[in-house]
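Novice: The structure follows.
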Amino acid sequence: MLGKFFKKPADDQGGRIPPGQTLTTRFPVLTYGPSQHYAPQDVAVRIFGLAEEKTFTWDDLMALPQTTLTYDIHCVTHWSKLDTTWTGVRVVDLMEHIGLKPGATHVMQHSVGGYTTNLELSDFLRPENLLAHTFGGEPLAPEHGGPLRLVVPHLYFWKSAKWLNGLEFMAADKPGFWERNGYHMRGDPFREERYDD
Ligand SMILES: Nc1nc2c(c(=O)[nH]1)N[C@H]1C(S)=C(S)[C@@H](COP(=O)(O)O)O[C@H]1N2
Ligand SMILES: [Mo]
């Protein structure tokens, strides 16, 4: 059955396929629990912890610069998908409007439904990271995290929270949902940081 959708890469596509990954042209849905369904007007991303508390609504986000980027994504369940195109607000552009407090070194992404995942600030602040609302030119489907998700393409895809509703800045690292359940704290696919052992 899987053979119908997954093909072994003939090569590593010039170094683009991390070790242990297989290419797919599908877009598998991976969610722990149910998908969330809500309208763009109900998007609210709360900034809290070691940052001046505020909330970005959908209209606030739409008023910021919009960026379209194409890159590869890698799921810890061994699929990679090349050349995915996303549109949204770059994290670095959002940060222009966030007052970080001294001592912030990490951030926890929070989702509607309770999913969480942690990042070092240096991984969060990369120029390619997006708060994405559009995939391949179409509104991001609910099962893929629409209306709004984070996309952090240099780490395994569990580090990209769907249905984003909070960014909590922290003075230390703290495990999110999968990290508490054995996944690696950082999750670099090119170093095969899948599980903590
Ligand atoms: N809110 C939320 N975000 C999530 C998840 C989830 O279960 N809930 N799963 C993560 C995992 S394990 C992966 S691989 C990707 C899957 O995104 P996709 O369903 O769009 O392929 O979302 C990540 N973000
Ligand atoms: Mo995943």
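The values are calculated or read from the model by the stated rules, or taken from the named source; none is laboratory data. This one's a predicted model, so the numbers in the text were calculated from it and none came from an experiment. Don't worry about glycine lacking a Cβ; one is built from the backbone with ideal geometry, like all the others, and counts go over all protein chains shown. Side chains included, ligands, DNA and RNA excluded: accessible areas come from the protein's heavy atoms. Shrake-Rupley method; radii C 1.70, N 1.55, O 1.52, S 1.80 Å.
Novice: With the requirement that a residue be within 13 Å of ligand 1 (Cβ to nearest atom), closer than 19 Å to Val92 by Cα and among the small types (Gly, Ala, Ser), what does segment 122-174 give you?
Specialist: Selection gives Ala132, Ser160, Ala161, Gly166.
Novice: Only one of these conditions is not met by Ile47: (1) part of a strand (DSSP E or B); (2) open to solvent by 10 Å² or more (accessible area, probe 1.4 Å); (3) away from ligand 1 (no atom under 16 Å from the Cβ); (4) closer than 21 Å to Ser122 by Cβ. Which number is it?
Specialist: Among (1) part of a strand (DSSP E or B); (2) open to solvent by 10 Å² or more (accessible area, probe 1.4 Å); (3) away from ligand 1 (no atom under 16 Å from the Cβ); (4) closer than 21 Å to Ser122 by Cβ, Ile47 violates only (2).
Novice: If a residue must be in contact with a Gly (Cβ under 9 Å, 6 or more places away or on another chain) and either within 15 Å of ligand 2 (Cβ to nearest atom) or among the charged types (D, E, K, R) (or both), how many such residues does segment 33-52 contain?
Specialist: 4
Novice: In segment 167-191, how many residues are under 11 Å from Thr117 (Cα atoms) and assigned to a strand (DSSP E or B)?
Specialist: Total meeting the criteria: 3.
Novice: Here's something else I'd like to know. Starting from segment 159-173, keep only residues that are closer than 28 Å to Pro40 by Cβ, then list their pairs with residues that are of a type in the set (Phe, Trp, Tyr) and surrounded by fewer than 19 Cβ atoms within 10 Å (Cβ to Cβ) whose Cβ atoms are within a distance under 6 Å, requiring at least 6 positions of separation or different chains.
Specialist: Listed pairs, sorted by first residue: Glu168/Phe48.
Novice: What tally of residues in segment 12-35 results from selecting those that are out of contact with any helix residue (DSSP H, G or I) (no Cβ under 8 Å at 6 or more places or on another chain) and hydrophobic (A, V, I, L, M, F, W, C)?
Specialist: Residues of segment 12-35 that are out of contact with any helix residue (DSSP H, G or I) (no Cβ under 8 Å at 6 or more places or on another chain), as a first pass: 12-17, 20, 22-26, 28, 33-34.
Filter once more, so that each one left must be hydrophobic (A, V, I, L, M, F, W, C): 17, 23.
Counting residues in segment 12-35 that are out of contact with any helix residue (DSSP H, G or I) (no Cβ under 8 Å at 6 or more places or on another chain) and hydrophobic (A, V, I, L, M, F, W, C) gives 2.
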